[in-house]
1. Condition test on residue 92, is it surrounded by 15 or more Cβ atoms within 10 Å (Cβ to Cβ), among the polar types (S, T, N, Q) and out of contact with any Ser or Thr (no Cβ under 7 Å at 6 or more places or on another chain)?
2. Restricting region 101-151 to residues that are of a type in the set (A, V, I, L, M) and open to solvent by 20 Å² or more (accessible area, probe 1.4 Å), which is nearest to residue 187 (Cα to Cα)?
3. Just one of the numbered conditions (1) among the charged types (D, E, K, R); (2) farther than 18 Å from residue 30 by Cβ; (3) touching a residue at least 60 places away in the same chain (Cβ under 8 Å) is not true of residue 106; which one?
4. What pairs can you find where one residue is in region 33-54 and small (Gly, Ala, Ser), the other is open to solvent by less than 30 Å² (accessible area, probe 1.4 Å) and modelled with pLDDT of 85 or more, and their Cβ atoms are less than 7 Å apart, with a gap of 6+ or different chains?
5. State all residues of region 215-240 that are in contact with an Asp or Glu (Cβ under 9 Å, 6 or more places away or on another chain) and modelled with pLDDT of 90 or more; if no residue qualifies, say none.
6. Any idea how many residues of region 75-93 are over 12 Å from residue 127 (Cβ atoms) and modelled with pLDDT of 90 or more?
7. Would you tally the residues in region 153-179 being open to solvent by 80 Å² or more (accessible area, probe 1.4 Å) and modelled with pLDDT of 90 or more?
Amino acid sequence: MIFDTRGIVINHIKYGDSSIIVRIYTERFGLQSYMVKGVRKAKSRQHSACFEPLSLLEMQVYHKENTSLQMLKEVKVAHLYNSALQDFSKQSMLLFLSEVLSKTIKETGPDAVLFDFIFNALKIFDVSEQSCVDFHLVFMLELSRYLGFFPYQGDGKCSYFDMREGVFTTVCPPHQEILSGEHALALSGLVQHNFAEAQYCCVQPSYRRILLSALIDFYAIHVPDFLPIKSHKVLHEIMR
């Protein structure tokens with residue numbers, strides 16, 4: 001049967017001489033893999049740019065239950081990135097976020113609330129006229145809410161952030177997976193923002209690298225089989 005659905009491209013791999021297999025997080029069916037034949041040919045009616053990481057799509061798809069590889073009928077761009085394609089720092093951030101999502105979204109079942117969050121957050125990121133240098137930090141924090149391990153802030157007082165337990169606390173945890181002092185306070189401040197307010201955040205540049213590394217460690221603790229992130233090294237250089 002043919003179904004209409006929105007989709008968010010996670011990544012793709014080349015297949016054969018002219019085709020690709022693209023992983024798309026769909027609104028209707030969750031995470032799916034699609035064969036796109038001939039897209040790498042010069043005269044293909046489907047442009048390969050549609051399948052770049054985090055492209056936002058409107059699709060008509062053939063869907064068969066219990067099939068690992070689905071087929072696309074029609075696809076068009078639902079939101080054409082503007083500033084994110086012209087700003088190298090935003091491009092790098094999209095690359096990083098696509099890697100985060102590729103390592104966290106593993107379930108095949110649909111989740112309309114999670115889908116809407118990601119889809120709308122990426123649109124807000126693109127249309128924002130601000131620098132959004134801390135967007136990736138707020139995005140990861142907000143994403144953790146939908147994945148089930150959003151940090152608990154308690155009464156708002158914090159000297160430490162316990163990454164194992166996911167809580168801010170005044171008591172030093174008996175292990176090394178923590179943030180402390182000003183870094184814990186900076187993360188606590190970010191927790192109070194949502195992705196729509198990310199453009200107004202302003203983490204001290206000297207803290208940004210430490211908070212990003214801490215959030216990656218936080219994900220590694222709470223996401224099963226979370227593979228190492230590599231693209232954050234580019235962000236470290238750009239977001240100084």
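1. On the way: surrounded by 15 or more Cβ atoms within 10 Å (Cβ to Cβ): yes; among the polar types (S, T, N, Q): yes; out of contact with any Ser or Thr (no Cβ under 7 Å at 6 or more places or on another chain): yes.
It is true that residue 92 is surrounded by 15 or more Cβ atoms within 10 Å (Cβ to Cβ), among the polar types (S, T, N, Q) and out of contact with any Ser or Thr (no Cβ under 7 Å at 6 or more places or on another chain).
2. First, pick out the residues of region 101-151 that are of a type in the set (A, V, I, L, M): 101, 105, 112-114, 118, 121-122, 124, 127, 133, 137-138, 140-141, 143, 147.
Next cut, open to solvent by 20 Å² or more (accessible area, probe 1.4 Å) only: 112-113, 124, 127, 133, 147.
Working: 112: 28, 113: 25, 124: 22, 127: 25, 133: 15, 147: 18 Å.
The qualifying residue nearest to residue 187 (Cα to Cα) is 133.
3. Residue 106 satisfies every listed condition except (2).
4. Listed pairs, sorted by first residue: 33/70; 38/19.
5. The answer is 217, 218, 221.
6. Looking only at that region, the number is 4.
7. If we filter region 153-179 for residues that are open to solvent by 80 Å² or more (accessible area, probe 1.4 Å), which is where we start, we get 155, 157, 164-165, 170-171, 174, 176.
Pick out the ones that are also modelled with pLDDT of 90 or more and you get 164-165, 170-171, 174, 176.
So the count comes out to 6.
The values are calculated or read from the model by the stated rules, or taken from the named source; none is laboratory data. This structure is a prediction, so every number in the text was calculated from the model and none was measured. Cβ: placed from backbone, ideal geometry, glycine included. Neighbour counts: every protein chain shown. We work out accessible area using only protein heavy atoms, side chains counted, and drop any ligands, DNA or RNA first. Shrake-Rupley method; radii C 1.70, N 1.55, O 1.52, S 1.80 Å.
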